[in-house]
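To keep things clear, I will list the structure first and then write my remarks on it.
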Amino acid sequence: MAEKFDVDAPTLNRFVMASTHDHDLVILMNAIATSCKLITSAVQRAGIAKLYGLAGEQNSTGDDQKKLDVLANDMMINALVNSGVCSVLVSEENEEPIFVRTGKSGKFCVAFDPLDGSSNIDCNVSVGTIFSVYEKAPGSEGRVEDLLRSGAHCLCAGYVAYSSAVEMVFTFRGGTVHGFCLDSTIGEFVHTRPHMTFPEDGGKKIYSCNEGNSFNWEQPIKDAVEIFKDEKDPYAARYVGSMVADIHRTILYGGIYLYPADAKSPKGKLRLLYEGIPMAMIIEQAGGIASTGMFEGKIQRVLDLVPDAIHAKCPIIMGGKRDVQVVYDQFAKHGASV
Ligand code: P6P
């Protein structure tokens, strides 16, 4: 039986062109897709090409940069700079923003983590790329302030999971969430998950957090996780330590992912511009809740936070309504208005 070939491949490029009349956005998404294909090649050949191990530098988070962090970062920066549609770039790997010189600049400002979870790379565990896209503010020539705005101004957001398959998930502001698998035989991301949403009934009972931090957690978080562990109705614990993998599973299977603020990290660990906001837009538009938990005196939506700096941090409590409600109930018991 001959293999069935798709003579009408629903590629990412075609999906973006059909979704927007903004040709610059088509060019941008092509540039992002190209850089993620290059990253795929580097990640999959890391062992052969001797790309494991440290690069000998540290990034904005203070993490030791892996050789692949540097490579992935260069791939994304070069693709975005040469797309001709970007003015300002912010990368987890760069302390300062990157301003595209006027000859090649355009209307988009992109924040990204080129290889999130890269501490997992040397043991071949999933890693990912996360990005959020803003347009320059009206009248701006491209300034860092164009990115220091809440998620309400984010135009589109996405992530790529480098795992058993390479999958890109993204959404336009106010739109639905779509998944695209990289078909290596044609070198294209192909539309495989139309309208990704949380399971209607809340799905599998899975909680995902680094319990090694629990001694620093606020009491409501401790109480909520104890409920998830209650022998009468126990949740499964799943924590990859790569946000893309944990969030992707949470949307598709159900459950909750938490990286809350705590006594040691009062603003949480994860970065607002290139982890919190993109993941929050995807989670909310897939029917979930993307909350900070109690942060600066109130329960907030991640998308309402305004970054005060390009590497600003934010607490993260993201998941299906059923499971985030368990956390909200504990905050309410401790007097918070939810
Ligand atoms: P911890 C990876 O460094 C990352 O930014 C996310 O991808 C991941 O969810 C989290 O940090 C893991 O942090 O403190 O549990 O190792």
Legend entry - Sites VAL7 and ASP122, calculated FRET efficiency, Cβ-Cβ separation with R0 56 Å, nearest 0.05: 0.85
Legend entry - Two-decimal Rg to Rh for the range 174-267 - Kirkwood Rh, Cα set: 1.08
Legend entry - Student exercise, the range 189-338 dipole from Lys, Arg, Asp, Glu Cβ charges, in Debye to nearest 20: 240
Inset, instruction - Mind jotting down the distance between the C-alpha centroids of the range 246-269 and the range 1-53, whole Å? - result: 28
Legend entry - Residues in the range 321-338 reached by a label modelled at SER150 [backbone nitrogen below 19 Å; 7 Å Cα→Cβ]: 337-338
Inset, instruction - Give me the accessible area per residue for the range 191-338, probe 1.4 Å, as a whole number in Å². - result: 42
Inset, instruction - Please get the size of the charge dipole for the range 17-78, origin at its Cα centre, with Cβ charges of +1 on Lys and Arg and -1 on Asp and Glu, quoted in debye to the nearest 20. - result: 380
Inset, instruction - Between beta-carbons, use under 13 Å as the cut-off and find the net charge around GLY255, counting Lys and Arg +1, Asp and Glu -1. - result: +3
Inset, instruction - Report the one residue of TYR259, ILE206, GLY175 whose Cα lies farthest in the direction of the positive end of the charge dipole of the range 173-260 (charges on C-beta: Lys and Arg +1, Asp and Glu -1; origin at the Cα centre). - result: GLY175
Inset, instruction - Tell me, rounded to the nearest percent, the portion of alpha carbon pairs in the chain spaced more than 36 Å apart. - result: 17
Inset, instruction - Would you work out what percent of the accessible area of the chain, with all protein chains in place, is carbon or sulfur (probe 1.4 Å)? - result: 51
Legend entry - Pairs beyond 26 Å (Cα-Cα), from LYS66/LYS222; LYS222/LYS264; LYS50/LYS264; LYS222/LYS313; LYS222/LYS321: LYS66/LYS222; LYS50/LYS264
Inset, instruction - Please work out the FRET efficiency for the pair ALA236 and SER214, using the Cβ-Cβ distance as r and a Förster radius of 22 Å; give the result to the nearest 0.05. - result: 0.80
Inset, instruction - Can you find, among THR185, ALA111, HIS195, the residue farthest towards the positive end of the dipole of the chain? Put +1 on the C-beta of Lys and Arg, -1 on that of Asp and Glu. - result: HIS195
Legend entry - Neighbourhood net charge (15 Å Cβ-Cβ; Lys/Arg +1, Asp/Glu -1) for THR102: +4
Legend entry - Per-bin percent of Cα-Cα distances, the range 230-338 [10 Å]: 15, 48, 32, 4, 0
Legend entry - Extension gain from THR20 to LYS321, taking 0.36 nm per residue of separation minus the Cα-Cα distance: 105.3 nm
Inset, instruction - For GLU95 and ALA49, calculate 0.36 nm times their separation in residues minus their Cα-Cα distance, and state this gained length in nm to one decimal. - result: 13.8 nm
Legend entry - Assigned charges on the beta-carbon of Lys, Arg, Asp, Glu; the chain dipole about Cα centre (debye): 160
Inset, instruction - Answer with one residue from ALA290, HIS311, TYR162: the one whose Cα lies farthest towards the positive end of the charge dipole of the chain, charges on Cβ with Lys, Arg +1 and Asp, Glu -1. - result: ALA290
Inset, instruction - Taking H placed 1.01 Å from N in the peptide plane, check which residues at least 5 places from VAL127 or on another chain put their amide H under 5 Å from its amide H. - result: TYR162
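The values are calculated or read from the model by the stated rules, or taken from the named source; none is laboratory data. Fair warning: this is a prediction, and the values are worked out from it, not measured in the lab. All Cβ positions, glycine included, derive from the backbone under ideal geometry; neighbour counts span all protein chains shown. Protein only, heavy atoms only, side chains kept; ligands, DNA and RNA dropped before computing areas. Shrake-Rupley method; radii C 1.70, N 1.55, O 1.52, S 1.80 Å.
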